[in-house]
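In what follows, a single structure is set out as structure tokens and then discussed.
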Amino acid sequence: MQLKLFNSLGGKTKMFRPVKRRTVSMYVCGITPYDVTHLGHAFTYVFFDALSRYLEFLGFRVIYIQNITNIDDDILKRAEKEKKDWGQFGDFWTKSYLNDMKTLNVRMPAHYVKATDSIPEMIKMISALIKKGFAYKSDGNVYFNIRKFPQYGKLSGFTAKQMVLLLRERGGNPDDPFKRNNLDFILWQGKRGAEPSWDAPFGQGRPGWHIECSAMINQYLGDRIDIHGGGKDLIFPHHESEIAQSESFTGKHPFSKYFMHTAMVMFMGEKMSKSLGNLVLVSDLLKRYSPNAIRWMLLSHKYRLTWEYTADEMNDAKIRMDKIERHIKRLDAKNNDHNAINKKAMADFSLAMNDDMDIPAALRIIELLDNEGNESHTVRYMMSILGFRV
Ligand SMILES: [Zn+2]
């Protein structure tokens, strides 16, 4: 059986076929570095790490790109509040995030790109969008004109009315008097006060959030990519707007063949988020649990289903992990006998993984195998595919 993936674009589970036969281009929206890494971030990036590892196991060459939104309203606001330089402030939290990811054995993407390093690409894209009539200048800003892209909403499936309501909730300012339509979004924010700004043919300013990803994707991966990932909360307006910009810029579609979204992590009955303050920090968990135990706990949840973090479950994952690790340690480290790999169990493992990355089912297979004893070679092999340090 071949790998099947659920595509958020279209809402169906289909056979995975990349644009080029053996190479997979994958872009996952990265963090906005202005605070600590919490379990919601870890769930997303550990999942996409496992996905890229599994694709490699299947024989694909994976080009994985992730960005850092290091210029953004949130960063500027927080840096100003803490009286810090916004650039150093972003670098500090980026380092903290990368440190957490490294500890969790999340591999570095092929390119880890700062938004501020791709400003010329963003300017190029915005200029082209203005020239082609998809964007307009107003009050020093540049907006994308949603009327020029009637497919807007094709990813989320939301109606225009629903999108306006959501935009209001998510700080998208649908009532901005300088917009022609409520759903138009900012491509370029005209210079305001002492904010950092760049020179552009359409005036001094800084890029909007959505254009950052579209430009970096085009720069590093070209007009069409295979997998675009991120948390579910990025579907609207972020990914919806990326599609509008990129497809209008290149004239090609779909800009990403597959969109994959990780579900939200809850804590104390609500979505774990900085604004609510109900955060479980990766760095705190790492004080008490091994990276493997945390990875086990995260991967035991299907990536598309919302779940709630509990300390009980974390402890449970630790107990399971300890037991498996004890068994693996008994193996002779130098003995890598491939004949010792249980082929039937590997087939079951692949079957689970090929079913839209059903990692929870794959972990159950690992546990059953571990309980049988004498199968630690296969257990270790499966764990390494999923990115555990074994
Ligand atoms: Zn993005």
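The numbers here are math on the coordinates, done by the rules we state, and not lab data. Being a predicted model, the structure only gives us computed values, none of them experimental. Cβ atoms come from the backbone with ideal geometry, glycine included; neighbour counts cover every protein chain shown.
Observations, loosely collected:
- Extents of the stretch 311-385, taken as max minus min of Cα coordinates on every principal axis and listed largest first, are 37, 29, 19 Å.
- Highest average first, the peptides 104-111, 11-18 ordered by how many other beta carbon atoms sit within 10 Å of their residues are 104-111, 11-18.
- For the stretch 234-390, the alpha-carbon radius of gyration amounts to 1.29 times the rule-of-thumb value 2.2 N^0.38 Å expected for a compact globular protein.
- Long pairs among K95/K329; K154/K302; K232/K302; K14/K154; K131/K252; K161/K302, criterion Cα-Cα beyond 21 Å: K95/K329; K154/K302; K161/K302
- Protection proxy ranking of 34-43, 282-291, 169-178 - average other beta-carbon atoms within 10 Å, highest first: 34-43, 282-291, 169-178
- Treating each Cα of the stretch 61-204 as an identical point scatterer and summing with the Debye formula, the log10 of I(q)/I(0) at q = 0.16 Å⁻¹ comes to -1.11.
- For the chain, relative contact order (Cα pairs under 8 Å, six or more residues apart, normalised by length) works out to 20 percent.
- For the stretch 67-143: Kirkwood Rh in Å [reciprocal of mean 1/r, alpha carbons]: 14.9 Å
- Distant alpha-carbon pairs in the stretch 215-286 (separation over 13 angstrom), percent: 72 percent
- Eigenvalues of the alpha-carbon gyration tensor of the stretch 1-113, scaled by 5 and square-rooted, set the equivalent ellipsoid semi-axes at 32, 14, 12 angstrom, largest first.
- With Cα atoms as the point set, the chain shows a radius of gyration and Dmax of 22.1, 71 Å.
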